[in-house]
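The values are calculated or read from the model by the stated rules, or taken from the named source; none is laboratory data. Computed from a prediction, not measured in an experiment: that's the story for all the values here. Cβ: placed from backbone, ideal geometry, glycine included. Neighbour counts: every protein chain shown.
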Amino acid sequence: MFEVYRKEVMFGGRKLIFETGKIARQANGAVMVTYGGTSVLCTAVASKSKNDADFFPLTVNYQEKAFAAGKIPGGFFKREGRPTEKETLVCRLIDRPIRPLFHKNFKNETQIIATVLEYDFENDPDIVAIIAASAALTISGLPFMGPLGACRVGWDGKKYQLNPKIDEYDNQKLDLVVAGTTEGVLMVESEAQELNEKIMLGAVDFGHKEMKVVINAIIELAEVAAKEPIEIEDNIPEEKEYNKIVKKFSGEFEKAYKIKEKSERVDAIDLIKEDILNKFDEDVNTNLLLSVIKKTESDVVRTSVIKTKKRIDGRDNKTVRKIVAEVGTLPRSHGSALFTRGETQALVVTTLGSSQDTQIIDGLNGDSKEHFMLHYNFPPYSVGEAGRVGSPGRREIGHGKLAWRAIHPLLPTVEEFPYTVRIVSEITESNGSSSMATVCGTSLALMDAGVPIKKPIAGIAMGLIKEKDKFVVLSDILGDEDHLGDMDFKVAGTKDGITSLQMDIKITSITSEIMKIALDQALEGRKYILAEMKKAISKTRTNLAENAPKIKVMKIKTEKIKEIIGPSGKVIKGICENTNSKIDIDDSGVLKVASPNDESLDKALKMINDIIVEPEMGVIYNGKVVKTVDFGAFVNFLGNRDGLVHISELQDQRTEKTTDVCKEGDEVKVKVIGFDDRGKVKLSIKRVNQETGEDLDN
């Protein structure tokens, strides 16, 4: 019934297995890829009818099934719901390297679905999913100019490691994902512990070399299992006719792209496009015409940059736009900053919370807690448009995670700074690399809030214009240079090293030489940006904002945990209600108290100390008589702890009745004189009087 094709290779010391022909046979391409004990099924399907859109309608979906890890989903519905942050990020990770490899004239709606079916808790499914997508497309018959390979590269301080296992991540100073073809690299995504440019470039080269075994395996699978390729016209008949007319407007486009101010430039270009559209009748293929116009714009800009080495706004290829950085923009926030670079601006706000504010993440590895959150928002007004405002899209989640990776390596540990930190970056203007503006603004806002980051962090976006053998690498690219160029290369880090590197390209690949030039140029730009940021704030503030929560961390004996919690949580709830505080305590005895102010914190700590402190022999305490009996008085001291003052210990002379000396409600001083066999405390009032010379009545 099945015609199964299988290919097996060794990759990073583990078997990588490709299998097709048994599952999802109605898809254009379907491949199950297994790496170790992790399996991902990826399907590729394209609509049979051509879409008239002026863009390629490609959709990538990555989904982690709970059954893959032997779990039942949480929540009321007990089934997988909206994509998690990780699923969204892996969708982007798959999309970015495969998109530039489709034929330029292929506009059929295409969908890639990668489903995690088995997970071994050792091999991350993201790399497996990229490889599976490449294999499914390569055998599908769709006009995909692959295959591509992918891998994860680690660095332990001495050597690179190919596809480290999940339990090895913490020992790595680098987490880098690279994808590419045999010709060169297409995509890079990474987080690093302040590594220099040489190590980062070496990691990319190492990954590119190692992934070739995957590419060759997919080629061998395609040789026996691939479907007949779909024929695509290299030239659309109307395109030549449209080109003749549009080319006549090249001079006008050239003048428009010399306008430095973005909104004026956009208005001028829109008028030219309107003039061009008026040259055609109603039967024109509008989307094709717009595509031809865009190509003409691109040629004008690219040719100008290659010939003159001058850019749209008049800068040379290395100059960074003017920067204005300020902190304390929102005085009532815990920390805030406004970072402006040219026509890109980010308003970034830091909010500090307690451990109860941590984000709980439900993934295939189980629940985990995140103490640092970075949320990036891109409202339509930032580019002068009116649009829908709703939940964050893939772009916002992806840009936020990129900034998160850049900042994360420089944050203090929870032990050093016991706060949950949330960053919100509102992009209020955008004309090129708002994600890198978020990195700069976040660094400033954290320092303004008093978060002891190890060093300031800055980010810069690099671009590329490449025509045959000639190319120019551009520092701090504009939005138009991003759209019309060949590369978006983002580098973030400190003065001493890189913390995050992300690269996407629109051509089939770039060389190691170009990457080296881009990294060196980015270092120069990053140092300039850090110097400008230093003018706003040079080091982290030593004090937190007045309205920031006050947190105290202490270690208590584990046997005291029950006493603090109390029956049904009665004691800990009482402390929280009486002091308006939040208390978190774990099984190891680490206790955290978060209060809105110092007064509440001191009150909560006193109540806790009264519970956990042990009475010491010979020490005098303040107490209160809570009960009198014939043989003495019970006195409450050290919080809820009670002790007995025997009738013989009330005063020097003989006492006939306890109430002759004290009664319920009396405030007294008592001295610890011993403990009985059951651990009950023996107290004395007369010995206090003997030491101090005070009478009980005084």
**Item:** Of all residues in segment 325-367 being without any contact (Cβ under 8 Å) to a residue 60 or more places away in the chain and within 19 Å of MET447 (Cβ to Cβ), the one that is surrounded by the fewest Cβ atoms within 10 Å (Cβ to Cβ)
**Value:** PRO331
**Prompt:** Which of the residues that make up segment 15-26 are surrounded by fewer than 19 Cβ atoms within 10 Å (Cβ to Cβ) and touching a residue at least 40 places away in the same chain (Cβ under 8 Å)?
**Reply:** GLY21
**Residue list for segment 224-263, filter: among the basic types (Lys, Arg) and closer than 21 Å to LEU288 by Cα** = LYS240, LYS244, LYS247, LYS248
**Asked** How about segment 253-281: which of its residues are farther than 24 Å from SER382 by Cβ, assigned to a helix (DSSP H, G or I) and among the hydrophobic types (A, V, I, L, M, F, W, C)?
**Response** PHE253, ILE272, ILE276, LEU277
**Asked** Do we find that VAL188 is closer than 19 Å to ALA522 by Cβ, part of a helix (DSSP H, G or I) and touching a residue at least 12 places away in the same chain (Cβ under 8 Å) in this structure?
**Response** no
**Asked** Any residue in segment 164-173 that is charged (D, E, K, R), assigned to a strand (DSSP E or B) and assigned by TED's automatic domain parsing to the domain that holds GLU19?
**Response** no
**Asked** Going by the conditions given, is ILE232 surrounded by 15 or more Cβ atoms within 10 Å (Cβ to Cβ), more than 16 Å from HIS483 (Cβ to Cβ), out of contact with any Asp or Glu (no Cβ under 9 Å at 6 or more places or on another chain) and outside the structural domain of LEU478 (by TED's automatic domain parsing)?
**Response** yes
**Fill in**
For segment 632-672, the count of residues that are in contact with a helix residue (DSSP H, G or I) (Cβ under 7 Å, 6 or more places away or on another chain), surrounded by fewer than 16 Cβ atoms within 10 Å (Cβ to Cβ) and under 15 Å from LYS686 (Cα atoms) equals 1
**Prompt:** So which residues in segment 471-502 are of a type in the set (D, E, K, R) and over 14 Å from PRO456 (Cα atoms), if there are any at all?
**Reply:** ASP476, ASP480, GLU481, ASP482, ASP486, ASP488, LYS490
**Request:** Assess whether GLY493 counts as being at pLDDT below 90 and not charged (D, E, K, R).
**Result:** no
**Request:** Kindly indicate whether LYS592 is part of a strand (DSSP E or B), charged (D, E, K, R) and assigned by TED's automatic domain parsing to the domain that holds GLY679.
**Result:** no
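Rundown of residues vs (1) touching a strand residue (DSSP E or B) at 6+ places or on another chain (Cβ under 7 Å); (2) surrounded by 15 or more Cβ atoms within 10 Å (Cβ to Cβ); (3) at pLDDT below 95, yes/no style:
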residue: ASP175; (1), (2), (3): yes, yes, no
residue: VAL185; (1), (2), (3): yes, yes, yes
residue: ILE199; (1), (2), (3): yes, yes, no
residue: LYS209; (1), (2), (3): no, no, no
residue: LYS212; (1), (2), (3): yes, no, no
residue: GLU220; (1), (2), (3): yes, no, no
residue: GLU228; (1), (2), (3): no, no, yes
**Prompt:** Being assigned to a helix (DSSP H, G or I), crowded, with 24+ Cβ neighbours inside 10 Å and over 19 Å from the mean Cα position of the chain (by Cα), is that true of even one residue in segment 428-444?
**Reply:** no
**Prompt:** Can you name every residue in segment 355-398 that is over 21 Å from VAL451 (Cβ atoms) and part of a helix (DSSP H, G or I)?
**Reply:** PRO380, TYR381, SER382, VAL383, ARG394, ARG395, GLU396, ILE397, GLY398
**Message:** If a residue must be more than 24 Å from the chain's Cα centre (by Cα) and either under 14 Å from ASN216 (Cα atoms) or assigned to a loop (DSSP other than H, G, I, E, B) (or both), how many such residues does segment 133-158 contain?
**Reply:** 13
**Complete:** Note on THR508: of the conditions (1) in a helix (DSSP H, G or I); (2) of a type in the set (Ser, Thr, Tyr); (3) over 30 Å from ILE453 (Cβ atoms), unmet is (1)
